[in-house]
Amino acid sequence: MISRIKGMDSSWKEVFFQVLLHVVLFIFYSFDKEEPGIEEYQIALFLNYAIGALIINYLFIPRLYYKKKYLLFVLASALVVGTIIITEEFVLEQIYFPDTRGTQFQGVIYGLLDVMPVIIILSGFKFAWDASKKQTELEALRVSAHESELQFLKSQINPHFLFNNLNNLYSYAIENSPKTPSIILELSSVLRYMLYDCKERYVPLSKEIEHLQNFTKLHQLQIENRGQVEFKTDNNSSGYAIAPLILSVFLENAFKHSTASQSKGICIKVALLIDQKGLLAFQCRNTFETQTNTEDVPHGIGLLNVKKRLNLLYPEQHKLHIESQKDLYSVDLSMQLKRLKA
């Protein structure tokens, strides 16, 4: 229904544009310094041209030219132009100029020079209008595809996160760990944010940081005495917005691979700083043991996902550097944040 309304609106705009164009062109065509005013014959001659252009623009162009039937388009247009010339020479001039111009045929060349400028102008503006309309449709299609891809990428995050944490929760439940209720509570708070608070393309940075802190608490419960986790941030987050669930992917990756490869000595350090111009600097460091199966750390679905989202949401506005050296995995991300809308 909405697309139909938009289509009607576009059609009315084109009608208005064509009427205005015809009026301006007619005034220019009929202007005569020596004999100012509009005569009946001028209206009749121009209507002859306009009807021919109407047939070409709204019959031959969409049905022949746009369907790449170029030869048929040329032949059909030539037939219309020939009909215009014949109508002008043998009908209209006989009516309005029986004793002057109507007494003899001026020739095809003269007729073409008289008719073609008007036809070319009217048809040229039709081509320009269609090209502009097509560009608008392509832009709308690009935006729609862009939004669909973002929604698809975001939808992949929740199952990915939930799958990892349910596995951990299952193992704690099997062991009857007393931390199981706390883990469920922290998991519910994290999922609440992911499912309800981050439906928009951008969320307040303060909410995203709160989510990261809850996320960290959830995984700290699982690390227990096997290592330490450090999370640092400043208080300069107000007034800025960020795409949700961007940073949590790196944090989740750090916890996942540190806990999977190390039974002790786990060290995870996260720092998140924002300068006065809204440039965010995010750092995440985690240890891992190289002899374990960690070669796929930088190639998981979460990292591929977040890289695509960064390219879509922050083109030319972010720098991501991921490095794995010996037993340390490092992520450095800088990105230009957006201001919150008032």
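Rule-based calculations on the coordinates, nothing more; no lab input. This one's a predicted model, so the numbers in the text were calculated from it and none came from an experiment. We place every Cβ from the backbone using ideal geometry, glycine too, and count neighbours over all the protein chains shown.
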Extended-chain gain in nm, criterion 0.36 nm per residue less alpha-carbon gap, Ser171 and Arg101: 15.2 nm
Cα→Cβ-extended label distance, 7 Å offset, between Leu113 and Glu210, nm: 8.0 nm
Table column - 3J(HN,Hα) (Hz), segment 190-204, Karplus curve with 6.51, -1.76, 1.60, x for Gly and Pro: 5, 5, 4, 5, 5, 8, 10, 8, 10, 6, 7, 5, 10, 10, x
Residue-by-residue Karplus 3J(HN,Hα) for segment 250-258, coefficients 6.51, -1.76, 1.60, Hz, glycine and proline x: 5, 5, 4, 4, 4, 5, 4, 7, 5
Linear extension gain, Gln276 paired with Lys232, 0.36 nm per residue minus alpha-carbon span: 14.1 nm
Hull volume in cubic angstrom per residue (convex hull over the Cα atoms of segment 2-139): 126 Å³
Mean Cβ count within 10 Å, highest first, over the residues of peptides 206-216, 312-322: 206-216, 312-322
Cβ-derived FRET efficiency at R0 30 Å, Asp327 paired with Leu195, nearest 0.05: 0.25
Sequence-separation-based contact order of segment 2-139, relative, with Cα cut under 8 Å and 6+ spacing, percent: 26 percent
Lys/Arg +1, Asp/Glu -1 at C-beta; segment 178-339 dipole; positive extreme among Thr259, Leu279, His321: Leu279
Of Lys134/Lys338; Lys207/Lys264; Lys256/Lys319; Lys207/Lys256; Lys133/Lys307; Lys179/Lys256, those spanning more than 25 Å from alpha-carbon to alpha-carbon: Lys134/Lys338; Lys207/Lys264; Lys133/Lys307
